[in-house]
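The structure appears right after this line, and notes come after that.
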Amino acid sequence: MSSRTASCLCGQLRIQVEGEPRGVGICHCLACQQRTGSVFATLASFSEPFKVFGTATEYVRAGDQGARFRFRFCPVCGTTVFHTEEGESGRVSVAVGAFADPGFPAPRVSVYDCRRHPWVQLPPGTKVFVKDPTPEG
Ligand SMILES: [Zn+2]
Ligand SMILES: [Zn+2]
């Protein structure tokens with residue numbers, strides 16, 4: 001199985017994941033816009049096993065549908081590298097940009113399209129949801 005490593009900007013916080021992502025998606029919700037500082041978040045979810053290196057500061061946010069997300073970011077440089085959902089211990093969502101790999105698989109799902117900046121164009125064939133079909137991931 002091939003592995004990939006996502007890293008914060010300074011390299012202190014890293015996560016190594018195995019195999020292909022279970023899914024890759026874009027979220028346009030305002031919380032993702034503010035937490036990333038970008039106008040949308042791109043996330044890839046992976047199943048266990050995964051390995052974390054370095055120290056993370058955590059921030060917990062409750063989603064619209066009551067799920068609680070635990071974001072991990074580097075206390076040195078501030079990059080959010082990954083998050084987990086409480087009660088879903090077998091998987092992790094990793095910020096695609098943290099892989100620093102333009103060859104990473106493209107997103108196939110787009111959620112919170114109601115918050116999408118109108119100039120943001122999605123890849124052809126992307127499945128679009130006005131809000132979130134499942135608890136945010
Ligand atoms: Zn860092
Ligand atoms: Zn979001």
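Quick one: is Arg61 within 16 Å of ligand 1 (Cβ to nearest atom), basic (Lys, Arg) and outside any loop (DSSP other than H, G, I, E, B)? First the steps, then the outcome.
Numbers: within 16 Å of ligand 1 (Cβ to nearest atom): no; basic (Lys, Arg): yes; outside any loop (DSSP other than H, G, I, E, B): yes.
No: the conditions fail for Arg61.
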| If you check Arg91, Arg115, which single one turns out to be in contact (Cβ under 8 Å) with a residue 40 or more places away in the chain and closer than 16 Å to His28 by Cβ? | Arg115
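How about region 17-57: which of its residues are more than 27 Å from Ser110 (Cβ to Cβ) and either surrounded by fewer than 17 Cβ atoms within 10 Å (Cβ to Cβ) or out of contact with any strand residue (DSSP E or B) (no Cβ under 8 Å at 6 or more places or on another chain) (or both)?
At the first step, the residues of region 17-57 found to be more than 27 Å from Ser110 (Cβ to Cβ) are 49, 51-57.
Answer for region 17-57, where residues must be more than 27 Å from Ser110 (Cβ to Cβ) and either surrounded by fewer than 17 Cβ atoms within 10 Å (Cβ to Cβ) or out of contact with any strand residue (DSSP E or B) (no Cβ under 8 Å at 6 or more places or on another chain) (or both): Pro49, Lys51, Val52, Phe53, Thr55, Thr57.
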| remark: Inside region 98-121, the number of residues satisfying the requirement of being of a type in the set (A, V, I, L, M, F, W, C), more than 15 Å from ligand 2 (Cβ to nearest atom) and in contact with a strand residue (DSSP E or B) (Cβ under 9 Å, 6 or more places away or on another chain) is 5
| task | Inspect all residues belonging to region 42-57 and state whether any of them is under 12 Å from Ser93 (Cβ atoms), assigned to a loop (DSSP other than H, G, I, E, B) and either within 16 Å of ligand 1 (Cβ to nearest atom) or not hydrophobic (A, V, I, L, M, F, W, C) (or both). | result | no
| Does Phe71 qualify as being in a strand (DSSP E or B), within 15 Å of ligand 2 (Cβ to nearest atom) and within 12 Å of the chain's Cα centre (by Cα)? | yes
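Of all residues in region 82-95 being buried (at least 21 other Cβ atoms within 10 Å of the Cβ) and in contact with a Lys or Arg (Cβ under 8 Å, 6 or more places away or on another chain), which is nearest to Gly66 (Cα to Cα)? Break it down into steps so the answer makes sense when it comes.
Narrowing region 82-95 to residues buried (at least 21 other Cβ atoms within 10 Å of the Cβ): 82-83, 92-95.
So of that shortlist, the ones also in contact with a Lys or Arg (Cβ under 8 Å, 6 or more places away or on another chain) come out as 82-83.
Working: Phe82: 19, His83: 16 Å.
Filtering first and then ranking leaves His83.
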| How about region 1-34: which of its residues are away from ligand 1 (no atom under 16 Å from the Cβ) and among the charged types (D, E, K, R)? | Arg4, Glu18, Glu20, Arg22
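Between Val120, Val92, which is in a loop (DSSP other than H, G, I, E, B) and at pLDDT 95 or above?
Details: Val92 fails: in a loop (DSSP other than H, G, I, E, B).
Matching residue, one of Val120, Val92: Val120.
It is to be established whether one or more residues within region 96-116 are within 16 Å of the chain's Cα centre (by Cα) and exposed (fewer than 12 other Cβ atoms within 10 Å of the Cβ).
So the first thing to find is which residues in region 96-116 are within 16 Å of the chain's Cα centre (by Cα), and the list is 96-102, 104-112.
From what is left, the residues that are exposed (fewer than 12 other Cβ atoms within 10 Å of the Cβ) are 100, 102.
Scanning region 96-116 turns up at least one residue that is within 16 Å of the chain's Cα centre (by Cα) and exposed (fewer than 12 other Cβ atoms within 10 Å of the Cβ).
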| said: Return the residues of region 11-37 that are within 16 Å of ligand 2 (Cβ to nearest atom), among the β-branched types (Val, Ile, Thr) and in a strand (DSSP E or B); say none if nothing qualifies. | reply: Val24, Ile26
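The values are calculated or read from the model by the stated rules, or taken from the named source; none is laboratory data. From a predicted model like this one, the values you see are computed outputs, not experimental measurements. Note: ideal-geometry Cβ built from the backbone for every residue, glycine included; neighbour counts use all protein chains shown.
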